[in-house]
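The values are calculated or read from the model by the stated rules, or taken from the named source; none is laboratory data. Predicted model, so just to flag it, every value in this text is computed and none were measured. Neighbour counts are summed over all protein chains in view; Cβ atoms, including those assigned to glycine, are modelled from backbone coordinates with ideal geometry. Remember, those area values only see protein heavy atoms, side chains included, never the ligands or the DNA or RNA. Shrake-Rupley method; radii C 1.70, N 1.55, O 1.52, S 1.80 Å.
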Amino acid sequence: MNVQVLFHDNCFDGAASAAVFSRFYRERIRADARFSYRGLSHTAGGAPIDAAVFAGAEENAIVDFRYSQDARLTWWFDHHVSAFQQPGDEAHFHADTSGRKFHDAHRKSCTVYLADVARERFGWDASPLAELLHWAEIIDGALFASPEMAVALEEPALRIMTVLEATKAPTLIPQVIERMQHESLGDIAASPLIAEPLAPLLARHQRHIELVRAHARYERGVVSFDLAEQGVDSLNKFIAYALYPEARYTLWVGQGPSRAKVSLGSNPWRPQERRHDLAAIASRYGGGGHPVVSAISFKPAELPRARAAFSEILAELSD
């Protein structure tokens, strides 16, 4: 049995969900399954998942990513409020009778949600992966003890997270997914697979801290900054809260080789002050995510559109 697991690319929760699904499938569905892994990324304008990604496998699973009506999708687990983006998606999901497609927008991580469903519906024991579940919930739920912890990147899980979020190497994340199924996070983080690419990423992380410090403006509860000219389209989302712990929201625009991007976040250490649904705001521009954190991707040439969205959202969050 050839099983393809399609996961939210460059995301700890996406990789961890793929690892949990694979171990569950092998232990409760088919012991002889052969797995392949492919990352899915949100595209400019919220385009549907390319139907070509489902070709060639006998089973296709999507974890931690939006829904598809393609008949070749046999398993689906997600926890994003923006999971249903195409016309008819939600109705198609609710009409499904396979018992193998699951969604709960109230869950903090797809990893723990998937493990809970596998236990409750299929009798699977996820306890050997307790460490992975613990850290997936902390990372995707922003349950860090402090912003300083989230920015220091000292724990093995956070070092793995840093590499996963930044890597462009096509084979690295599938290798991590395989190893997450049976190795400790400490062993994975100490291995050359993570340790070698991590060193330059930590140096870049320090540069990002200084860029945010230099370019950020704090006004009316919002930390905002534009790093497009610096060529930054991805950074640690907690830097702003370490620098401005009183902030309610963070909003920034950046640009990399393949996209322009607007990122929206709310301070997880001041949840009582959030007054906006950030996923709903992002969805108006073709983006998505969670009510507490979301993003919008644009084509590289659409930086003016990204900056216009940034300005409009800043006015809304500052209101």
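For the range 237-252, the candidate set comprises residues that are among the charged types (D, E, K, R) and touching a Lys or Arg at 6+ places or on another chain (Cβ under 9 Å); within that set, the residue that is surrounded by the most Cβ atoms within 10 Å (Cβ to Cβ) is Arg248. When the criteria are applied in full, Ala203 fails the requirement of being more than 18 Å from Ser311 (Cα to Cα), open to solvent by 20 Å² or more (accessible area, probe 1.4 Å) and in contact with a Pro (Cβ under 8 Å, 6 or more places away or on another chain). Within the range 217-229, which residues are out of contact with any Lys or Arg (no Cβ under 9 Å at 6 or more places or on another chain) and more than 23 Å from Tyr285 (Cα to Cα)? Matches in the range 217-229: Arg217, Tyr218, Glu219. With a requirement of 1 or more residues that are more than 28 Å from Ala189 (Cα to Cα), the strands (runs of 3 or more DSSP E) lying completely within the range 3-85 that satisfy it span 59-63, 73-78. The numbered conditions (1) open to solvent by 30 Å² or more (accessible area, probe 1.4 Å); (2) at pLDDT 95 or above; (3) within 18 Å of the chain's Cα centre (by Cα); (4) not acidic (Asp, Glu) are all true for Ser234 except (2). Condition test on Lys237, is it touching an Asp or Glu at 6+ places or on another chain (Cβ under 7 Å) and either of a type in the set (Lys, Arg) or part of a helix (DSSP H, G or I) (or both)? No.
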